Amino acid sequence: MTVPISSALARFAAEARDGAVPRAVTDKVATHVLDVLGVQLAASRQDFAPAVREVTLGLGGPPESVGIGLAQELGAPNAALLNGTLAHGVDYDDTHLRSIVHPSATVTPAAMAVAEEVDADGIAVSAAIAAGLETAVRIGLAAEGEFHHRGFHATPIAGVFGAALAASMLYRLTLGQTVSALGLAASMAGGLLEFLTDGTSAKRLHGGWAAHGGVLAARLGRAGLSGPAGGLDGRFGLLPTLFAGAADPSRIGRGLGCDWEMLDIALKPYPCCHFVHAFLDGAAELREHLGVGRGEPAGEAALAQITAIECGVVPLTIPVVCEPRATKLRPQTPYDAQFSLPFSVAVMFSRGRVTLDEYEPETIADERLIALAHRVRIVPEPRVEFPASFPGRLRLELADGRSFESDHSDNRGGPGAPLSFEEVGAKFRANAVPSIGSEQAEAVISLLEARPLPSAKRIMAGLRRASVDSVDRRGDP
């Protein structure tokens, strides 16, 4: 009889909890925790955040874990809901490219919330995050590319299992309880890409809902509620039900605990869909042919030289960042703009940078940017590098007949061009300082540089100032 994948994952979790995590993995975890905390702080200042804070505060529960932007603590599942929604709320969080999963937005908020609740030490929380990230990534790899191809969002579907495994480790569940927690998580897995049609906020919730569901699944498993061992690969398990023969559940357990797929998780240098990043790097390079310096805004005369911008785009990504064309050329919301290749490329050519400020409401209403986006031409172009990387070819055509081309295969922040801890620290400062100030931001960076990591309570304490200040500043609950 075939052993269910959930049993292999439960054994993997027990071994990781007992210290079988390589130093390279724990270093990677620390860098990604720093990154996602900064993203959460940036998101806490966005216009969608008050609604999520209001709802999570109303859910009640004992004070167990920090909810970013709230003066008082929340119950751990509700802190995971709030913080996970923030983690995925500005599309600046990390991505495992081949699985097309954003793992830290689901796993880290769940693990940090539970670790605060049980006062776990840094070694335990690092191991839990590592195992949770690995689980989420491997589930995405079991149906590589198929989630997005069929209209599913892989992040919450795979992420709820990673969150459940991480929480199970920190709650110190038995093997049987962990298997049940994973089985229960299977019935909580969900997420659709329909938000791409109208630019609404559903995707933001996907990180938080998976984190919340993972914590609840672990708690229910601990309390004795049983879950199916075949939740992932059984007769009516998630992967066979969604994908039939197009998924390979055995990939989840192959080399588990030896080959760490999470080491390939990519960090984002730009706050937008990862499919767009190669084109932004190309646009940043080609701007010099307009006679403007790197990072400098382009004037009307410079932009008037552009007759066309041709983008060679991997076909699978076209429905995400190029369609429907009308709304990609004129985004309906700032979030919609973050998933628009034409608009984002126009922003880079015009402004010389792409930050969260470039996705503000007044920016997406800029008729000059919209006019430039209309000059972006999409050409389907299969690439052998995809999905191991998200490549992009960009051709700039000028009114005088000259043309220039840029082609990027290795994404900055990805396995072939990783960001250093110092670069992630700079990103954290930019995201965090407006909320917690420079002194506290430096303190958090120092905590994440330490080995072993400090406890989750110590790390999250560095965000308490943001919680209190944001309540005072915005007048939120």
Spacing of the two label points (7 Å from each Cα toward its C-beta) at THR241 and ARG23, in nm: 4.4
Per-q log10 I(q)/I(0), the chain, q = 0.06, 0.07 Å⁻¹ (Debye; single scatterer per alpha-carbon; no solvent): -0.25, -0.34
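Estimate the FRET efficiency between THR307 and GLU381 by the formula 1/(1 + (r/R0)^6), using the beta-carbon distance for r and 25 Å for R0, to the nearest 0.05.
That gives a FRET efficiency of 0.80.
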0 to 90° range, to nearest 10: angle between helix 122-142 axis and the chain longest Cα axis: 60
Net charge, ASP410 excluded, C-beta distance under 10 Å - Lys, Arg +1, Asp, Glu -1: -1
Helix axis angle, 23-43 relative to the chain longest principal axis, alpha carbon, degrees: 60
Under 5 Å, built H, 5+ apart or other chain: amide partners of PHE390: ASN411
Reciprocal of mean inverse Cα separation for region 323-380 (Kirkwood radius, Å): 10.9
Label point distance in nm, ALA417-GLN72, each placed 7 Å from Cα along Cα→Cβ: 4.8
Loop trypsin sites (Lys or Arg not before Pro), region 336-439 (other Cβ atoms within 10 Å of the site Cβ: 11 or fewer; DSSP): ARG402
Computed E for SER438/ASP248 - FRET, C-beta separation, R0 56 angstrom, nearest 0.05: 0.70
DSSP-defined beta bridges in the chain - what % are antiparallel, rounded to 5: 75
Stretch gain in nm, segment LEU398-ASP121, where the contour uses 0.36 nm per residue and the Cα spacing is subtracted: 93.9 nm
Stretchable slack from ARG451 to GLU323, in nm (0.36 nm times residue separation minus alpha-carbon distance): 41.5 nm
Rough spin-label spacing in nm, given labels placed 7 Å along Cα→Cβ, for THR200 and ASP259: 4.1
Whole-Å semi-axes of region 274-408's equivalent ellipsoid (Cα gyration tensor): 20, 18, 13
Placed amide H near GLY67: partners under 5 Å, 5+ positions off or other chain: LEU74
Chymotrypsin sites (Phe, Trp or Tyr not before Pro) restricted to region 217-282 and DSSP loop, no more than 16 other C-beta within 10 Å: PHE236
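Go through region 104-213 and name the chymotrypsin sites (Phe, Trp or Tyr not before Pro) that are in a DSSP coil and have 15 or fewer other Cβ atoms within 10 Å of their Cβ.
Sparse-neighbourhood loop chymotrypsin sites (Phe, Trp or Tyr not before Pro): none present.
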The chain: angle of helix 49-58 to the longest principal axis, Cα-based, in degrees nearest 10: 20
Shape of region 81-131, Cα gyration tensor, a/c cut at 1.5: oblate
Cβ-based net charge around ARG98, under 9 Å, with every Lys or Arg adding one and every Asp or Glu removing one: -3
Which of SER65, SER389, SER187 has the fewest Cβ neighbours within 10 Å, and the rest in rising order: SER187, SER389, SER65
Separation of alpha-carbon centers, region 440-460 and region 8-51, rounded to whole Å: 13
Amide N proximity, region 395-413 versus GLU288 label position 7 Å along Cα-to-Cβ, cut-off under 18 Å: 395-398, 402-409
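Every number in this text was worked out from the coordinates using simple rules, so none of it is lab data. Remember, it's a predicted structure, so these values are computed and weren't measured experimentally. All Cβ positions, glycine included, derive from the backbone under ideal geometry; neighbour counts span all protein chains shown.
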